[in-house]
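Step one of this worksheet: look at the structure below.
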Amino acid sequence: MTILLKLEGLTKAYPGVIANDDVSFEVKAGEIHALLGENGAGKSTLVKMIYGLVRPDKGKMTFNGEVFQPAEPRAARASGVAMVFQHFSLFDALSVAENISLGMENPPSRRELSARIREVSNDYKLPLDPNRIIGDLSVGERQRVEIIRCLLQNPKLLIMDEPTSVLTPQEVDVLFETLRKLASEGTSILYISHKLEEIRSLCDQATILRLGKVIDSCVPSEQTARKLAEMMVGQALITPTRKDQKTGDVVLKVSNLTVPSSNPFGTTLKNIALAVRSGEVLGIGGVAGNGQDELLLALSGETRVAQDEISVDGKPVGNLGPNERRKLGLLTAPEERLGHSAAPDMSLVENTMLTAAVRENLARNGFLRWNAAKDFAETIVKKFDVRTPSVNNAAKSLSGGNLQKFVIGREVLQNPRVLVINQPTWGVDASAAADIRQALMFLAEEGAAVVVVSQDLDELLEVSDQLAILNEGRLTSPVATASLNMDDIGLMMGGGAQTEMEAQHVSS
Amino acid sequence: MFHLEPRPQTSKLWIAITPLLAVVATMIAGGILFAFLGKDPFVSIRLIFWDPLFGDFAFYYRPQLLVKGAPLILIAIGLSLGFRAGIWNIGAEGQYIIGAICGAAVGLAFYPMESWLIFPLMILAGALGGTLWAMIPAILKVRYGTNEILVSLMLVYVAEKLLASMSLGLLKNPEGHGFPGSRNLRDYASAFNDELFAGTGMHWGVAAAFIAVILAYVLLNRHMLGFQIRLTGQAPRAARFAGVNPPRLILFCLGTSGMLAGLAGMFEVSGPSGQISIDFNTGYGFTAIIVAFLGRLHPVGILLAGLLLALTYIGGEIAQGQLNLPAAAIQLFQGMLLFFLLAVDLLSNFRIRLNQRKESI
């Protein structure tokens, strides 16, 4: 096979950190090439250089036999490089065709474009109606829009950044089929992920990055997932374990929770009911945008509901605000780290004040005890291995994984009665994710009730005792996790009343 | 060529240096401007920045610095609380007027009785008047979601009409031979906000401004409410998550800034100005917005910025008088100060890098 992209000695340094250090590897034509590494290993910087968003300080790229120095993404696209980002850049209120046309240099007429979208989407079995409004699409469908936007450029190299983090198992299968078809037609794919099983089944070749350097390369299917993870992390991995759980009384009880959505593209929660016992982990799965955010807001107290719809240890708390609930032991950690569970421009010390003032006694008569806050921040940093030069650094200066460890640590160390977490390991590297899951299990062992909302099914199966699925604002009745396999869950996530019946069938 | 590179963290050092840099840049650009007008740039800059403080007539100008700076500082401190939380009170001028009217009205109601109780009552009335005037946009915003910028600004014009009506009607001096304006409070010992130490310009309003600076500093750095104000401005969603009650914060921020503006008006009318008149207000409420931003919404910064702006006012008047500089040139000069401040602000979040030559072949 001919070599499509060749990188030689690429180096990029940012103030205080070398993102890429002398990175060299090559991607052959028609190859699905995995780029594997922890968060902060330099994967994103590397693909940004290939896509023309960042200029390398040193080094040389060759694309299709020619020297390749894209000054901007437009130049990269013109050479045949396309990229699907982890976060989509789509306008909710516009249609599929309008969104795609906005990203084009010389958009054809709407009619012609719609025809081409239909054609490409049929060819690659990615059904998509060009006239639908983005706001009405599922996350998986939105990703299709981004992929089709790329395919319309007939790329020679397609870069995909963590594409499966938002998909159901069935959607992942469809995506992989598409990618394999593309590769068989000669398109190379650079696939960034830290989901190792996926890489083993999909990719022909893998390059492993650690701390900005190429550590190793291998044929993923010849390695075990564990071996890959250890290459990536550079140390042996501990699988989170927990002792036999002793479950106690019901701590968190939600009944008849109905919350209308606050925005037109949100989800209305309908008649949610759940009960979590002390020592138990309830996993809530489901594709993003099915009411996860709304459920979290209702549980944290940011959205107030009727008094008796939520109770903690038998006390109704539905009408209470976040701090009153914290006083009773109901703690939460929302999905969005920067701007929701932490204030980006504030230091870690200041960020402890966000949620810990009540339970950790960080304020007296309204006056803040900064020394106590600093001590608490340092405890979190130490116990949860948060890597930061100092607790006075701004939250935004931490990598995603480290900030997440800080946020989770802040809640866990407050000894909650109930901890509700949305996406505990989203965008977090393998070793940090393992630490976080372990911490959640310890917390349950100590007698707390834990609710984990996640789109990562492996994670849910690993940590939770009971699993329920959120679908269009409704929650299925929980099923014991031990009795489930991937296919059952995939069907539960597919939605509808049928799913619920099946779930009950499985549980009985 | 250059390019800008975002700093990983906002630089504390540059936040402190940039205002000084802006003053220096303003001096240079202002000097060039004055040179084009045919005046000696060095003399003009000296007249504006040096003479009010250390010149031959400094004994007269120095007290003026406090007299002009105090209301600016007092109002700007109040505004900065709201600005930090993203609550925009643009109507401090109106609250200043209402504070003055209420304070003066209470004083005049007791005329000619003499009692030490009268002045404290006037202070209370001024504070209350300003607070209530600011509560109008606050309650409308909380209750009906109106825009506080528009409502507070519009209420300035209502307040100005009220001021005119008061000077011509209810509060008009019965012994004033038909001229508009109230009795002069200078002639009424119990209501007069005299200098605390003769010849210093230090009156109760100056004391209040210093106290406000200290209290604001403590509030913002040591108190939960101040923390919530900062949090709301920086990350509104995180603030809700932290249990901040937005309506309460709106009422507090607008109420406090109204109260301080009202106090400033009351101290002004009972002291330096002396009487309610149609042209009593001179734009302190608007200039205080500039002071608040020039001082980076930080209490100590506002203290310095208020004094600096007072200095350019006084120095500007000297330069106008001695060099016949047009008033517009002085205003331009003050505008440049804000302009340069905003421009060099960039340096605290970005660093300038020279572009390297491409090393790859």
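At a Förster distance of 51 Å, what's the computed FRET efficiency of B:E175 paired with A:N271, Cβ-Cβ distance as r, to 0.05?
About 0.10, to the nearest 0.05.
Put a dot 7 Å past each Cα toward the Cβ at B:L4 and B:I32; how far apart are the dots in nm?
With each label placed 7 Å out from Cα toward Cβ, I get 2.0 nm.
Report the relative contact order of chain B, percent, no decimals, based on alpha-carbon pairs under 8 angstrom and at least 6 residues apart.
Taking the mean separation of contacting Cα pairs over the length of chain B, I get 35 percent.
Scan segment B:1-109 for chymotrypsin sites (Phe, Trp or Tyr not before Pro) in coil per DSSP, keeping those whose Cβ has at most 16 other Cβ atoms within 10 Å, and list them by number.
Taking segment B:1-109 and a limit of 16 other Cβ atoms within 10 Å, the loop chymotrypsin sites (Phe, Trp or Tyr not before Pro) found are B:F57.
What's the FRET efficiency of A:L102 with A:D123 using the Cβ-Cβ distance as r and R₀ = 25 Å, to the nearest 0.05?
Calculated value: 0.65.
Give me log10 I(q)/I(0) at q = 0.09, 0.11, 0.13 Å⁻¹ for chain A, Debye formula, one equal scatterer per alpha-carbon, no solvent.
Scattering profile of chain A, log10 relative to I(0): -0.68, -1.02, -1.36.
Pop out the Kirkwood hydrodynamic radius of segment A:250-507 from its pairwise C-alpha distances, inverse of mean 1/r, in Å to one decimal.
18.5
Residue separation times 0.36 nm, minus the C-alpha to C-alpha distance between A:S483 and A:D458: what's the value?
Answer, rounded to one decimal: 7.6 nm.
Between B:F110 and A:E112, what is the label-to-label distance in nm when each label sits 7 Å out along the Cα-to-Cβ direction?
8.5
Place a point 7 Å from Cα of B:Q322 in the direction of its Cβ. Which residues in segment B:51-80 have their backbone N less than 11 Å from it?
The answer is B:51-58, whose backbone nitrogens lie closer than 11 Å to the label point.
In this model, which of A:K60/A:K396; A:K156/A:K181; A:K253/A:K383 are farther than 21 Å apart at the alpha-carbon?
A:K60/A:K396; A:K253/A:K383, as the Cα separations exceed 21 Å there.
What 222 nm value per residue comes from the helices of the protein assembly as shown, counting each DSSP H run with n ≥ 4 as -39,500 (n - 2.57) and dividing by all residues, nearest 500 deg cm²/dmol?
One gets -15500 deg cm²/dmol as the mean residue ellipticity at 222 nm.
Can you pull the accessible area of A:L403 for me, 1.4 Å probe, Å² to the nearest 10?
So the heavy atoms of A:L403 present about 0 Å² to solvent.
Can you give the average number of partner chain beta-carbon atoms within 10 Å of each beta-carbon in peptide A:331-343, as a whole number?
3
Determine the shielding of peptide B:231-240 by partner chains: average, over its residues, the number of Cβ atoms on other chains within 10 angstrom of each Cβ.
What the average comes to for B:231-240 is 6.
Per residue and in Å³, how big is the convex hull formed by the alpha-carbon atoms of chain B?
Per residue, the Cα convex hull of chain B comes to 178 Å³.
What are the aspartates and glutamates whose alpha-carbon lies under 16 Å from the alpha-carbon of B:K141, with same-chain residues fewer than 8 places away excluded?
none
How do the peptides B:147-154, B:258-265 rank, highest first, by the average count of neighbouring beta carbon atoms within 10 Å per residue?
Taking the mean over residues of other Cβ atoms within 10 Å, the ranking is B:258-265, B:147-154.
Could you give the semi-axes, largest first, of the ellipsoid that matches the protein assembly as shown, computed as the square roots of 5 times the alpha carbon gyration tensor eigenvalues and rounded to whole Å?
59, 35, 25
Show the residues, 5+ positions off or on another chain, whose built amide H is closer than 5 Å to the amide H of A:M83.
Here the answer is A:I159, since their amide H atoms fall under 5 Å of that of A:M83.
So which GluC sites (Glu not before Pro) in segment A:36-137 end up in coil per DSSP with only 10 or fewer other C-beta atoms within 10 Å?
In loop regions of segment A:36-137 (DSSP not H, G, I, E or B), the sparsely surrounded GluC sites (Glu not before Pro) are A:E105.
Two-decimal Rg/Rh of segment A:104-200 from alpha-carbon positions, Kirkwood Rh?
0.96
What does the highest-first list of B:22-28, A:350-356 look like by mean Cβ count within 10 Å?
Put in order of decreasing packing, that is A:350-356, B:22-28.
What does the average come to when, for each residue of peptide B:218-225, you count the partner chain Cβ atoms lying within 10 Å of its Cβ?
3
Antiparallel DSSP bridges in chain A: what percent, to the nearest 5?
Given both bridge residues lie in chain A, the antiparallel proportion sits at roughly 50 percent.
If the chain between A:V219 and A:Q307 were fully stretched, how many nm would it gain, using 0.36 nm times the residue separation less the Cα-Cα distance?
Full extension from A:V219 to A:Q307 adds 26.0 nm.
A plus B alone minus the pair: what accessible area, both sides summed, probe 1.4 Å, in Å² to 100?
2700
Where in segment A:358-378 is the amide nitrogen less than 13 Å from a point lying 7 Å along the Cα-to-Cβ axis of B:R222?
Zone members listed by number: A:364-371.
Pairing the Cα long axis of helix B:12-36 with the longest principal axis of chain B, what angle in degrees results, from 0 to 90 and rounded to the nearest 10?
It works out to around 80 degrees.
Once amide H atoms are placed 1.01 Å from N in the peptide plane, what residues at a sequence separation of 5 or more from A:G286, or on another chain, have their amide H within under 5 Å of its amide H?
Hits under the 5 Å cutoff: A:L470.
Mean shadow of segment B:28-71, computed from the convex hull of its alpha carbons, in nm²?
3.7
Helix B:118-144 versus the longest principal axis of chain B: what angle, 0 to 90°, nearest 10, using Cα atoms?
It is inclined by approximately 60 degrees.
Give, as ranges by residue number, the residues of segment B:216-240 whose backbone N falls under 19 Å from the point 7 Å along Cα→Cβ of A:N361.
Taking a point 7 Å out along Cα→Cβ of A:N361, the residues of segment B:216-240 whose backbone N falls under 19 Å are B:224.
Each label point is 7 Å from the Cα along the Cα-to-Cβ direction; what then is the distance between the points at A:A71 and B:L21, in nm?
Roughly 2.8 nm, to one decimal.
Give me the percent relative contact order of segment A:155-215, please, defined on Cα pairs under 8 angstrom at least 6 residues apart.
Reported relative contact order: 40 percent.
The values are calculated or read from the model by the stated rules, or taken from the named source; none is laboratory data. Everything numeric in this text was worked out from a predicted model, so none of it was measured. Cβ sites come from the backbone with ideal geometry, for glycine too, and all protein chains shown count toward neighbours. In case anyone asks, the SASA skips ligands and DNA or RNA and just uses the protein heavy atoms, side chains included. Shrake-Rupley method; radii C 1.70, N 1.55, O 1.52, S 1.80 Å.
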